[in-house]
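Okay, structure first, notes after.
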Amino acid sequence: MENKILELFLYNNRLKFNEIEKSLKTRSNKLSYHLKQLIKKGVITKKQDSYELSETAEHLIPYLSNKQAVLPIILVFIGNKNRAFLYRREKKPFKGLLSLPGGRLLINESIEQAAKRIMKEKFSAEISFKKINSISLEHVKKSNGTIHSFLLILVSAKANLSLTNIKKNKSKIIPSDYQLIKNPGLEVKMKTLVSPI
């Protein structure tokens, strides 16, 4: 119910109680409960007789959809075509396989900032960022269809870390990571735009 309420704010700045009730075709006591919960969480605010999305919850707007979105992931490539810094994944997907270090690109981060943060948080490693090598779309499939889609942003960096022999460990490396290591691509230019509203 709370998601349905929030979806109304995709197209409306302010809504009155009766407008929300009419749009969602729900009982007033049920709606009242969920509105109070959203106010408690700081997601919406009530001003006089209208409700609106709080400024701190504005970041939710792109995620208010029933459709699943592609997740942007930074992969950090340290090494060369023969040896690379890899680690064993502890979570799904690809649990137990060797992987390039990586993580989500967070709001308000540049690609370089994300790569440095990921390496610092996960491996306590300081890196020297070199370049963005490639951008790839990966669909992770199981027998019943696609379970994840990732926008893989491969970056190169330098760091003083022990490297793994790629050829000897090919069967233990995530297939998409192996492809990226073997063909990291040339430098890709990517702009970071700031759009005030």
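The values are calculated or read from the model by the stated rules, or taken from the named source; none is laboratory data. Just so it is clear, the structure is predicted and the values come from calculations on it, not from any experiment. Cβ sites come from the backbone with ideal geometry, for glycine too, and all protein chains shown count toward neighbours.
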Report summary line: Within region 5-16, the count of residues that are surrounded by 12 or more Cβ atoms within 10 Å (Cβ to Cβ) and without any contact (Cβ under 8 Å) to a residue 24 or more places away in the chain comes to 2
Requested in this report: Look through region 118-152, keep the residues that are small (G, A, S), under 20 Å from P93 (Cβ atoms) and without any contact (Cβ under 8 Å) to a residue 40 or more places away in the chain, and return whichever of them is surrounded by the most Cβ atoms within 10 Å (Cβ to Cβ).
Outcome: G145
Report task. Could you tell me whether any residue of region 35-51 is in contact with a helix residue (DSSP H, G or I) (Cβ under 7 Å, 6 or more places away or on another chain), closer than 30 Å to V140 by Cα and among the charged types (D, E, K, R)? Result -> no
Requested in this report: Search region 32-47 for residues being assigned to a strand (DSSP E or B) and among the basic types (K, R), and hand back the single one that is nearest to the chain's Cα centre (by Cα).
Outcome: K46
Query raised in the report: Checking M1 against (1) under 30 Å from K168 (Cβ atoms); (2) touching a His at 6+ places or on another chain (Cβ under 6 Å), which test does it fail?
Result: (1)
Query raised in the report: Hey, V194 hits all of (1) under 18 Å from L105 (Cα atoms); (2) of a type in the set (A, V, I, L, M); (3) at pLDDT 85 or above; (4) under 20 Å from the mean Cα position of the chain (by Cα) but one; which does it fall short on?
Result: (3)
Query - Residue check, L86 of a type outside the set (F, W, Y) and more than 30 Å from I5 (Cβ to Cβ) - result: yes
Query raised in the report: Mind checking which residues of region 4-16 are of a type outside the set (A, V, I, L, M, F, W, C) and either in a strand (DSSP E or B) or more than 25 Å from N108 (Cβ to Cβ) (or both)?
Result: K4, Y11, N12, R14, K16
Query raised in the report: What residue, among those in region 84-101 that are in contact with a Lys or Arg (Cβ under 9 Å, 6 or more places away or on another chain) and part of a strand (DSSP E or B), is farthest from I181 (Cα to Cα)?
Result: R88
Requested in this report: State whether one or more residues within region 17-25 are in a helix (DSSP H, G or I), surrounded by 15 or more Cβ atoms within 10 Å (Cβ to Cβ), under 24 Å from the mean Cα position of the chain (by Cα) and of a type outside the set (F, W, Y).
Outcome: no
Query raised in the report: Could you say whether any residue in region 142-154 is out of contact with any Ser or Thr (no Cβ under 6 Å at 6 or more places or on another chain), over 22 Å from Q68 (Cα atoms) and not assigned by TED's automatic domain parsing to the domain that holds E55?
Result: no
Query raised in the report: Any idea which residue in region 107-153 is nearest to T192 (Cα to Cα), counting only those that are under 13 Å from the mean Cα position of the chain (by Cα) and assigned to a strand (DSSP E or B)?
Result: I153
Report task. Search region 99-117 for residues being out of contact with any helix residue (DSSP H, G or I) (no Cβ under 8 Å at 6 or more places or on another chain) and more than 14 Å from L71 (Cβ to Cβ), and hand back the single one that is surrounded by the most Cβ atoms within 10 Å (Cβ to Cβ). Result -> A115
